[in-house]
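This report refers to the structure that appears directly beneath it.
The values are calculated or read from the model by the stated rules, or taken from the named source; none is laboratory data. What you see is a predicted model; the values in this text were computed from it and never measured. Quick reminder, even Gly has a Cβ in these numbers, built from the backbone with ideal geometry, and neighbours come from all protein chains shown. Ligands, DNA and RNA are excluded from the accessible area calculation, which covers all protein heavy atoms including side chains. Shrake-Rupley method; radii C 1.70, N 1.55, O 1.52, S 1.80 Å.
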Amino acid sequence: MKNIILITFLFFIYNCGYTSVYNPKNIDFQISVKEVQGDRGMNNLIKNELRLYSNKKSTNIYNIKVNTNYKKDTLTKNSSGIITDYSLSVISVFVINFNENTEIVKFEENINIKNQADTFEQKIYEENIKRNFASSIRRKLISKILSINDN
């Protein structure tokens with residue numbers, strides 16, 4: 001009985017007409033990153049994310065300049081002076097040029113994390129957070145570009 005309900009549910013979900021807003025097949029614009037400044041690692045992650053959502057055949061070309069500032073700050077230390085909490089933050093400023101119009105947008109992402117005893121695990125965790133920041137910034141930028149494109 002459970003299997004029949006599950007199959008019926010999946011059938012209705014599959015046929016409900018849902019399509020992703022960020023489906024790369026539906027995008028009719030090209031993103032050209034002309035200039036990058038700031039943190040090299042974050043800029044590379046953001047450029048790679050944007051490359052996925054750029055239609056090379058489109059005539060709607062958005063020229064973008066990127067400036068990122070990534071910071072890792074100490075929040076707290078224990079009684080022996082060992083860091084226990086960090087704050088990771090990134091501020092990205094985009095200058096978007098499209099059809100002789102210029103728009104400047106700024107996105108901020110931040111998170112507080114605990115320090116781990118294993119430095120290798122800590123580094124992997126921070127890299128995952130950086131990738132998540134880049135993905136979030138890309139989603140926000142694509143949404144902004146789509147809203148510009150609607151105007």
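Go through region 52-151 and name the GluC sites (Glu not before Pro) that are in a DSSP coil and have 14 or fewer other Cβ atoms within 10 Å of their Cβ. Taking region 52-151 and a limit of 14 other Cβ atoms within 10 Å, the loop GluC sites (Glu not before Pro) found are E100.
Quick check on my link table: of K56/K123; K106/K130; K47/K72; K34/K114; K34/K72; K114/K144, which ones sit more than 29 Å apart, alpha carbon to alpha carbon?
K56/K123; K34/K114; K114/K144
The alpha carbon centroids of region 33-47 and region 84-151 are separated by 11 Å. Per-residue 3J(HN,Hα) values for region 91-108, derived from phi via the Karplus relation 6.51 cos²θ - 1.76 cosθ + 1.60 with θ = phi - 60°, read 10, 10, 10, 10, 9, 9, 10, 8, 6, 6, 9, 10, 9, 10, 10, 10, 10, 10 Hz in sequence order (x marks Gly and Pro). Evaluated with a Cβ-only charge set (Lys, Arg +1; Asp, Glu -1), region 50-147 carries a dipole of roughly 380 debye about its Cα centre, given to the nearest 20. Under a 5 Å amide H to amide H cut-off, with H placed in plane at 1.01 Å, what residues pair with F29 once short-range neighbours are removed? Those qualifying (amide H under 5 Å, at least 5 residues apart or on another chain) are N55. Taking the convex hull of the alpha carbon positions in region 24-92 and averaging its projected area over all directions gives 5.8 nm². If you look at the Cα atoms of region 20-140, you get an Rg and a Dmax of 17.3, 60 Å. Report in % the part of the accessible area of region 79-151 that belongs to carbon and sulfur, leaving out ligands and nucleic acids; probe 1.4 Å. Looking at region 79-151 in its full context, I get 47 percent from C and S.
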